[in-house]
Amino acid sequence: MIGSRIVKTVARTALVAYALISLYPFLWMLSGAFKTREEILRSGNLIPDAPTLDTLLTTWSRLHFFDYFLNSLQVTGLTVAGVLVVYSLASYAFAVLDFPGRKALFWFFVSLLFVPGITVLLPVVILEKNLGILGSHLGLVLPFVNGTAPLTVLLLTNGFSGIPRELREAARADGAREFRIFWSVYLPLARPTLITVAVLTAVPTWNEYVLTRVSLNDPSLYTLPLGLETLLSGNVPHYNEVMAASLIIVIPVIALFLLLQRYFVNGLVGAVKG
Amino acid sequence: MSTLTTEDRAGRLPAEPPGRGRGRGRSRWGRWLTGWAFVLPAVALFLLMGVYTIGTGLALSLAKWNGLTPEWIWVGFQNYLDLLYADPVLAPELRRAAWNTLQVMVAVPALTVAISLPLAVALNSVRRLRGLLRSVYFLPYVTTGIAVYYAWRYVLEPDGAINVLLGSVGLGSLSQPQGFLGNPDTALPTLIVVLVWSSVPVATLLYLSGLQAIDPNVIEAAHIDGASPRQVLRRIVWPLLTPLTAAIVLLGVRDALHGFQIFLIMTNGGPGGHTDVLGLQVYRLSFMKELAQTLGMASALGWMLFAGALLLTLVNARLLRRIR
């Protein structure tokens, strides 16, 4: 009895301790974002002595983070839209239609999972230079969409396969054509999977740094991660502004996660466990 | 994410050709065309972005090029040989990067499992706050990226929060006056800690889902038979979770082979190459060598990483099958 109580206490202490470790950098991010330039150099207190909103406001407007935010929104939005359109069509075909090459094509897309991003990074840049889209937002969106193919096809094909075939036969008997069945029967029923795919695409796209870094040259097209980088590449970094910018990046993601938590969880568990 | 179980998925694809169109008398060709029309956008995008890039990448790995001259100089497998041993400057650099990568590859999955399994067991044992804690634990995953890495840089600075914290709890001797990332001895271990911090969320989530899928009757029966909690954990829970452990280890190993973002952002390989990893080498050979003819080598190294990951996945799948 006493033994189990000790075990419980230890377990709870560990849980709380790890929660603090999980939150640790976020606490300092929050703290730094509300400090002035003087205080961030002077004081190591977690709670700012004189909390100020100025740092966030400066970062948002004078340091152009509003513009970067809009750019990020555009790139992420287009990527998510592209992924949903292109791969819901393809996955529908893999799940319910009958045509030669169906299985081979499905496996082909899934096996692309093995090609590391870093291996094709340079060829993508060379290709886009030749196509003349390097440095544009389109030049980011196309490889981002293509890069999600394996996981998305896997998740969506699974989702569509789980929808009872009788529904399709019934719609067919009522005279619905294939696209109509896809649009009015399958898409609405697969909504949870579609949302899962959307969030699992949106978050890494929002945070993407490497391809964006080597593609974009024009600061007016910068996304948030690149904007953040410019703050730290100067001679004297002002960490209060760096933390304010970081906060601007993570808040939308955290909000999205808190709103749609179960889709994240289902998606990740589904992706790994099959 | 799901390399382990892709073969299980074959079963999910309907094995039989879907039922023939009833009543509407559609021809076979009609059905085929419909199918192809649905996959066309995905295939077209892949033909544009995928075929060319993979093809160019493979070809480029057999050539020397600096990205500007019109001509490639074909050198066969020389790039691969240069990387492995022939180039007197690059090969040793690469060996060091490989050694660092190997340390990350071993340490990160091991520590991730060691932390997330107990965490998931503890989380599974509490009822109150489970949802809240799970959300908190998950934050490092959804925010992975430059913002969080900069926050870590900020707390790891010479006069950053971690040094102050160590000083205030009487562990000042452990603090790093040059900053944890500035000291060659602590830089790599520090990055490993941050990597573990970012990979614990998914691992904990997977373990938690695995624990919740275990039939409570099995555990109950073991208790009745007189098994101690530790025996239950070792003899029943751990074996049942083995596939998940394998998945977590595989994910960690692949991330270690391919991932370099955190190294690029937090240290860029420094101080003095102490945190250089293979992915970062590919990046540098691709984009940081100005006019030197290193693009072919970048490609060659990229494909070696691809082969490495493939090999590890196959070994892992084989091991897993044996365990099952």
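Ratio of alpha-carbon Rg to the 2.2 N^0.38 Å globular estimate for the range B:152-300, to two decimals, please. Don't skip to the answer; put the middle values down first.
Values: Rg = 21.8 Å, N = 149, 2.2 N^0.38 = 14.7 Å.
Here the answer is 1.48, to two decimals.
Could you list the square roots of 5 times each eigenvalue of the Cα gyration tensor of the range B:102-175, that is, the equivalent ellipsoid semi-axes, sorted largest first and rounded to whole Å?
On the way: eigenvalues 141, 61, 51 Å².
Equivalent ellipsoid of the range B:102-175: 27, 18, 16 Å, largest first.
Under 10 Å, Cα contacts only: if you run a Gaussian network model on chain B, which one of B:ALA120, B:ALA246, B:ALA59 comes out with the highest mean-square fluctuation?
Maximum among the listed residues: B:ALA59.
Which one, A:PHE99, A:PHE65, A:PHE109, has the greatest fluctuation when you compute a Gaussian network model over chain A with C-alpha springs under 10 angstrom?
With Cα springs under 10 Å in chain A, the top fluctuation among A:PHE99, A:PHE65, A:PHE109 is at A:PHE99.
Run a plain Debye calculation on the protein assembly as shown (Cα atoms as equal point scatterers, no solvent) and give log10 I(q)/I(0) at q = 0.07, 0.10, 0.11 Å⁻¹, rounded to two decimals, same order as the q list.
-0.47, -0.97, -1.17
For labels at B:TYR85 and B:LEU165 in the simple 7 Å Cα→Cβ model, what's the distance in nm?
Reported label-point gap for B:TYR85 and B:LEU165 is 4.7 nm.
Take the alpha carbon gyration tensor of the range B:74-233, find the square roots of its eigenvalues, order them as a ≥ b ≥ c, and report rounded if a/c is under 1.5; if not, report prolate when a/b exceeds b/c, else oblate. Show your work: numbers first, answer last.
On the way: a/c = 2.50, a/b = 1.49, b/c = 1.67.
In terms of gyration-tensor shape, oblate.
Summing +1 for each Lys or Arg and -1 for each Asp or Glu, what net charge is found among the other residues whose Cβ lies under 9 Å from the Cβ of A:ASN240?
Details: positive: A:LYS35, A:ARG37; negative: A:GLU39, A:GLU241.
Once positives and negatives cancel, what remains is 0.
I need the shape label for the range B:213-284. Rule: rounded when a/c is under 1.5, else prolate if a/b > b/c, else oblate, with a, b, c from the alpha carbon gyration tensor.
On the way: a/c = 5.62, a/b = 3.71, b/c = 1.51.
The shape class here is prolate.
Once every Cα of the range A:112-208 carries one equal point scatterer and solvent is ignored, give the base-10 log of I(q)/I(0) from the Debye formula at q = 0.13 Å⁻¹, two decimals.
-0.63
Please rank B:SER209, B:SER199, A:SER215, fewest neighbouring Cβ atoms within 10 Å first, as an exposure proxy.
Values: B:SER209 19, B:SER199 26, A:SER215 22.
Final ranking by Cβ density, sparse to dense: B:SER209, A:SER215, B:SER199.
Mean 1/r over all different Cα pairs, inverted: what Kirkwood radius does chain B give, in Å? Please report the intermediate quantities before stating the final value.
Working: mean 1/r = 0.0422 Å⁻¹.
Evaluated over chain B, this radius sits at 23.7 Å.
What residue among A:THR55, A:VAL250, A:ILE126 has its Cα farthest toward the positive end of the dipole of chain A, where the charges are +1 on Lys, Arg and -1 on Asp, Glu, each on the Cβ?
A:VAL250
Please order A:THR223, A:THR13, B:THR313 by the number of other Cβ within 10 Å, starting at the fewest. Could the numbers behind the result be given before it?
On the way: A:THR223 28, A:THR13 11, B:THR313 18.
With the fewest neighbours first, A:THR223, A:THR13, B:THR313 line up as A:THR13, B:THR313, A:THR223.
Would you give the gap between the C-alpha center of the range A:54-99 and the C-alpha center of the range A:3-53, rounded to a whole Å?
32
Between A:LEU23 and A:ARG177, what is the label-to-label distance in nm when each label sits 7 Å out along the Cα-to-Cβ direction?
Distance between the two pseudo-spin positions: 5.6 nm.
Taking the beta-carbon count within 10 Å as an exposure proxy, list B:TRP74, B:TRP303, B:TRP36, B:TRP152 from fewest neighbours to most.
Details: B:TRP74 11, B:TRP303 20, B:TRP36 17, B:TRP152 26.
Fewest-to-most Cβ neighbours within 10 Å comes out as B:TRP74, B:TRP36, B:TRP303, B:TRP152.
Can you give me the Cα centroid spacing of the range A:171-213 and the range B:169-203 in angstrom?
Centre-to-centre distance over Cα atoms comes out at 40 Å.
Along its three principal axes, how long is chain A when you only count alpha carbons? Whole Å, largest extent first please.
In descending order, the Cα extents are 73, 70, 35 Å.
Given all pairs of different Cα atoms, what value in angstroms does the Kirkwood hydrodynamic radius of the range B:195-249 take? Could the numbers behind the result be given before it?
On the way: mean 1/r = 0.0823 Å⁻¹.
In the range B:195-249 this quantity evaluates to 12.1 Å.
Read the figures in this text as sums done on the coordinates, not as results from a lab. Treat the numbers as computed from the prediction; the structure is a model and nothing was measured. Glycine also receives a Cβ, built like all others from the backbone with ideal geometry; neighbour counts cover every protein chain displayed.
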